[in-house]
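These notes are about the structure you will find just below.
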Amino acid sequence: MPEKKQYDLLIIGAGPAGLTAAIYATRRKLKTMVVSLTIGGQMALTNEIENYPGCDLVDGLVLATKMQDQAVKWGADFDFNEITEIKSKDNIFIASTNQTDYEVKSIILAFGLTPRKLGCPGEKEFTGRGVVYCATCDGPLFKNKVIAIVGGGNSAVESAEYMSKIAKQVYVLNRSDQFRASPHILEKVKGLKNIEVYCFTEIAEIKGDMVVKAVKLVNSQNKKIEELKVDGVFIEIGYEAKTDWLKGVVDLNDWGEIIIDHQSVTSTPGIFAAGDCTDTHHKQIVISAGEGAKASLGAYKYIIAKEGGSTVPDWGKCELVGTAKTAKIQLEK
């Protein structure tokens, strides 16, 4: 039988959204458990982050570790495992791993998206060392470099247009001669001098030593093999929202993203969501962190209301009774 543990709040995922939510929840004295297989999510795979406020340049794993340390400092617990099922019973939620049933008052879903992988040799080995999955995040690191962008949809073509302003040379590698990108951006890209498009082309191998040095290409029509020297490979073939296990628990959109309102509330009272796994349009670290904070404050408000207390906006004044430890708290601007 799985072990039973009780918490006020369960956070599923430990990327910027989940870790920020944990910091805010524990500072509000909620007994909080974070369940995740890893720390940092996609953030931890980025060697250099230059657009996080207050950090001119920071390693993604370092930033993730600092967020975790801050959450632990305030009392968050971590379980490096995977939630496989969520049920509700007797006005509580039961979220289960293969070892533990967590009985909680509220849940925050913050497990992000999973980049689709090429699955070719060298991809895993050079991830974060030339292989990247986000032009907005990592593009500036490749100033005046030669890069290859894999894909034929909006994400790949828009990334090519963006990177044409940064990189010395951009190669777009598409497995067919059909592009799914919007016609206007496609025409713009085809007219740029430092962009070259390869059709019917797939990467057979990503090569290098400490960092990416080249890609081995194969033409799917004539089977011709060639090697292209590049400094980076941008894999822009989309992301997967691995949310099939949440069907019937919360509402999902056609892409499997969790539908939330502007307060990070899902269709199920007591369950909140934040970050890249939601239907928010922009998938950025700072946005995920902000949504994690909103979701945590929303969960706090939900739990307090269940206990008969009340909350006020951050800029107001009120005496609160009924926190997880029945403490009396005065909020003041």
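The values are calculated or read from the model by the stated rules, or taken from the named source; none is laboratory data. Predicted, not measured: the structure shown is a model, and the values here were computed from it. Don't worry about glycine lacking a Cβ; one is built from the backbone with ideal geometry, like all the others, and counts go over all protein chains shown.
For the reader, a short list of remarks on this structure follows.
- Counting the residues of the stretch 262-280 that are under 19 Å from T114 (Cα atoms) and in a strand (DSSP E or B) gives 2.
- Of the residues making up the stretch 173-200, those that are over 14 Å from L217 (Cα atoms) and not in a loop (DSSP other than H, G, I, E, B) number 10.
- Any hit, the stretch 70-82, residues being among the aromatic types (F, W, Y) and outside any strand (DSSP E or B): yes
- Test: A71 is small (G, A, S), under 15 Å from T243 (Cα atoms) and either surrounded by 14 or more Cβ atoms within 10 Å (Cβ to Cβ) or outside the structural domain of E291 (by TED's automatic domain parsing) (or both): no
- Taking the criterion of being buried (at least 16 other Cβ atoms within 10 Å of the Cβ) and touching a residue at least 60 places away in the same chain (Cβ under 8 Å), the residues of the stretch 83-95 that qualify are I83, I86, F93, A95.
- Hits in the stretch 261-313 (condition: closer than 19 Å to I12 by Cβ and hydroxyl-bearing (S, T, Y)): S264, T266, S267, T268, T278, T280, S288, S296, Y300, Y302
- Residues in the stretch 1-41 that are β-branched (V, I, T), in a helix (DSSP H, G or I) and over 21 Å from P53 (Cβ atoms): T26 only.
- Test: residue in the stretch 52-61 that is among the aromatic types (F, W, Y), closer than 23 Å to K247 by Cβ and either under 20 Å from the mean Cα position of the chain (by Cα) or surrounded by fewer than 23 Cβ atoms within 10 Å (Cβ to Cβ) (or both): no
- Test: residue in the stretch 256-270 that is under 22 Å from G60 (Cα atoms), among the aliphatic types (A, V, I, L, M) and surrounded by fewer than 21 Cβ atoms within 10 Å (Cβ to Cβ): no
- Considering residues of the stretch 225-261 that are of a type in the set (A, V, I, L, M) and assigned to a loop (DSSP other than H, G, I, E, B) only, the residue farthest from the chain's Cα centre (by Cα): V230
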